[in-house]
1. Counting only C-alpha contacts under 8 Å and six or more residues apart, can you give the relative contact order of chain B as a whole percent?
2. Hey, with R₀ at 56 Å, roughly what FRET efficiency would residue B:175 and residue A:291 work out to, going by the Cβ-Cβ distance, to 0.05?
3. Quick one: divide the alpha-carbon radius of gyration of chain B by 2.2 N^0.38 Å and tell me what you get.
4. Taking Cα pairs under 8 Å and at least six residues apart, what relative contact order does the range B:93-156 come out at, in percent?
5. Measure nothing fancy, just the Cα-based angle from helix B:98-109's long axis to the longest principal axis of chain B, in degrees from 0 to 90, nearest 10.
6. So what is the calculated 222 nm ellipticity per residue for chain A, using -39500 (n - 2.57) for each DSSP H run with n of 4 or more, over all residues, to the nearest 500 deg cm²/dmol?
7. Mind checking the angle between helix A:201-227 and chain A's longest principal axis? C-alpha axes, 0 to 90 degrees, to the nearest 10.
8. How far apart, in nanometres, would the label points at residue B:196 and residue B:232 be if each is projected 7 angstrom from Cα along the Cα-to-Cβ direction?
């Protein structure tokens with residue numbers, strides 16, 4: 001992690017800590033959603049941005065984490081403090097099992113395999129009624145509460161989700177600057193050259209895919225803990241696409257892109273949900289999807305580095321403008 | 001006196017792409033400490049042979065031995081056993097700085113992070129120490145070639161396969177490259193060099209192997225190459 005990253009994580013932690021003092025319940029729910037989706041999206045940034053592998057089934061890992069955590073807490077009566085990590089571990093294990101054979105192949109087979117996984121996962125959730133209660137889902141999931149003297153509800157959820165989100169953010173920022181991050185970037189840039197330096201590229205891709213699955217599972221387990229009701233509907237293909245859109249819009253070149261993309265899409269979704277019926281009477285949810293598609297296409301075409309890349313470019317321009325007068329003065333001094 | 005063991009040996013290697021035979025029953029042995037130049041006209045099969053020797057492509061028939069044993073099936077295993085290479089089409093890591101390109105090569109050898117200073121000396125070897133923070137895109141083409149060479153050297157290989165390392169280099173850079181290649185021989189690195197610049201290839205090589213249309217047509221000392229009728233015929237297309 002750079003000094004700038006440490007400062008930014010510290011500032012973000014402080015803002016989250018103070019948010020319940022100034023934000024409404026609705027605004028806190030937006031921050032909670034940002035934290036949840038941000039955790040999963042950071043995993044995708046690592047997978048797509050570093051290793052250049054695409055997952056079209058991350059909703060399944062998210063849903064798996066949610067269902068494992070929720071079922072263990074409701075059916076087996078296990079403490080949520082244990083079921084949340086269990087959800088992450090279950091998603092991690094499935095990512096490993098799916099990724100191990102697929103990532104030995106060259107090409108975009110992972111996208112196909114994860115697309116299939118998402119479909120199978122939906123079928124299992126809907127058809128294994130004895131376990132999952134099928135399409136109607138189940139509720140009353142016991143929630144984890146932080147041992148802090150704070151009011152319950154949104155504030156407790158905000159702190160729990162962001163405790164995990166900040167840990168994931170810090171771990172990922174460290175990862176990309178460290179030896180494994182360099183190895184993954186190298187593999188993303190040239191697999192053949194990486195192999196001929198001694199990097200086992202299939203193993204490295206498997207590691208980052210497994211970590212990415214674990215992040216999505218953790219996010220899902222925290223989601224179950226927050227909403228306390230689960231049904232198959234939110235974990236379909238559309239959600240996998242939304243997570244990818246968050247990663248691309250935020251920026252695949254930076255871990256921060258995961259959080260920025262999640263926040264942008266959550267705010268955009270909420271704004272559209274509230275305002276769209278006023279702007280276009282009779283419009284439905286499909287229009288949201290169209291707008292997401294347009295946003296994705298526009299970002300890929302116009303600013304492939306995402307919003308974080310846009311901000312970095314703006315910052316660079318501002319710095320060069322500040323530096324310009326000093327440069328211009330040099331000939332005068334020289335003269 | 002027993003002959004020195006071959007670091008890499010191709011025995012009766014064939015490589016076919018559909019109906020096209022790129023390599024036809026090629027035998028080649030490169031012994032420890034040698035610099036062998038592999039030359040031939042365009043389409044002779046030089047890069048294909050390098051791809052087979054570095055595990056990038058499996059041979060259709062025949063066998064490749066590395067230090068007397070069958071070459072490992074995957075490139076990373078061959079690399080860990082002491083083999084590495086550069087590429088005709090540069091394969092630099094564009095998202096990493098020049099220093100990180102070398103650092104990742106150092107780290108790939110072991111199990112973890114290594115000090116940055118450990119990578120610096122390889123950039124110094126090729127005269128790129130001042131460009132350590134630059135990304136490959138910011139370097140002139142010749143310096144990119146040198147960076148790829150520095151990255152390959154950072155693995156401290158036993159066998160280095162170089163695919164046209166002088167392409168795009170200026171005359172002074174070619175001279176410096178030739179000196180560096182001779183320096184590699186002095187530290188015991190075995191080199192198999194594919195090079196179109198005959199002046200450079202013949203200047204540094206202990207032995208020259210000539211390929212034409214996938215067939216090895218000559219294996220000669222450098223001073224015998226220019227006068228060899230088979231080589232002249234292959235290059236000039238004379239029967």
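1. Working: 454 pairs, mean separation 63.7, N = 239.
Over chain B, the number comes to 27 percent.
2. Working: r = 60 Å, r/R0 = 1.08.
So the FRET efficiency works out to roughly 0.40.
3. On the way: Rg = 17.7 Å, N = 239, 2.2 N^0.38 = 17.6 Å.
Normalised Cα radius of gyration, chain B: 1.00.
4. Numbers: 72 pairs, mean separation 29.2, N = 64.
So the answer I get is 46 percent.
5. 70 degrees
6. Working: 14 runs with 256 residues, N = 335.
The helix-only estimate for chain A comes to -26000 deg cm²/dmol at 222 nm.
7. In chain A, helix A:201-227 runs at an angle near 60 degrees to the longest axis.
8. 2.4 nm
No lab work stands behind these numbers, since they all come straight from the coordinates. All figures in this text were calculated on a predicted structure; none of them were measured in a lab. Backbone-built Cβ (ideal geometry, glycine too); neighbour counts: all protein chains shown.
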